[in-house]
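What follows is a single structure, written as structure tokens, with notes after it.
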DNA sequence: AACGGGTGATTGCAAACGCAACTATGAGGC
DNA sequence: GCCTCATAGTTGCGTTTGCAATCACCCGTT
């Protein structure tokens, strides 16, 4: 597990482990910044954004809980309760599903759309300042390409930007 | 801006936002995998590893709570309680600080060292399978380089690998 | 139509989290 | 010495998490 083999010679797995560590730490740090910025602006946490964005990109702004849960990045296990909280704030609504009465739809409301937009301005600003401005466009392209490869094997998940 | 008419033209910020989205999603997915693997092996969560590794790399395997908290990636706000749990399992010990009686040291125990090693074999295996094997060494180098630049502006933090 | 196994979603609960007090100690001015 | 302010670490508390039931319903079989 030694990091460096006492020389400039790093083994392949050392290099890759180092890359993983950066990935891990950098995203945690960045996330921390974004959450703090949202909180400063008196906006809800990023998990809400995540859910709102997924709904906004779904056909008709609606999705079955199940599908929603499959796409959510943050708070995977608690989509039901996340939705509860957001419903209480009027950002989404639940509709029972006619073709399968076990099911429920989550539907984006106008308030939800509006909030997502407000959150995005803050979110975007922070990401840009802490990340976008620190890298070149070529680096960004390459980063996205490499990570896409990794992600592809991890799951058929997409999550577009904003 | 990228007014180049070469096929798809995404603006610079689109590209960068996309890179951020990948960073975010991929690390979340990877983390999920690692946590699951640790749990399967009946080992504690990654946050414990994080703390153990930091201590192991500190001089004398000891660190003031304050310094520890500053280096921890996961569970930043709860280092006291994380340490409580780990102390209860005998992985670390607390020692009062003589030169500043408000202070306390966290000291790594032999059991802590041993556990970290066991965790690393699982952790390493999962990272390798889900990440290392999916990318080339050049990609890893470039990824680490780019993210290091970003991280550098985020804080003087280092966190070496494993 | 009744059964049994499977699936969608919710709920109950213990653990962990984020943050704001709080305690105890140090450090500087007077 | 005494007063005040800053710092190290802990604790209290309301919220959120992870996971294992649980409830409600669908569907294929008999």
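Things worth noting here:
- Matching residues in the range B:35-69 - criterion: being surrounded by fewer than 16 Cβ atoms within 10 Å (Cβ to Cβ) and away from DNA strand C (no atom under 13 Å from the Cβ): B:36, B:40, B:41, B:42, B:56, B:59, B:60, B:67
- Flag not set for residue A:96, criterion: more than 8 Å from every other protein chain (Cβ to nearest Cβ) and either touching a residue at least 60 places away in the same chain (Cβ under 8 Å) or crowded, with 16+ Cβ neighbours inside 10 Å (or both).
- Selection status of residue B:30, under 28 Å from residue A:144 (Cβ atoms) and surrounded by 18 or more Cβ atoms within 10 Å (Cβ to Cβ): yes
- Listed conditions (1) touching a helix residue (DSSP H, G or I) at 6+ places or on another chain (Cβ under 6 Å); (2) at pLDDT 95 or above; (3) not in a helix (DSSP H, G or I) are all met by residue B:161, apart from (2).
The values are calculated or read from the model by the stated rules, or taken from the named source; none is laboratory data. The structure displayed is predicted, hence computed values, not measured ones. Cβ sites come from the backbone with ideal geometry, for glycine too, and all protein chains shown count toward neighbours.
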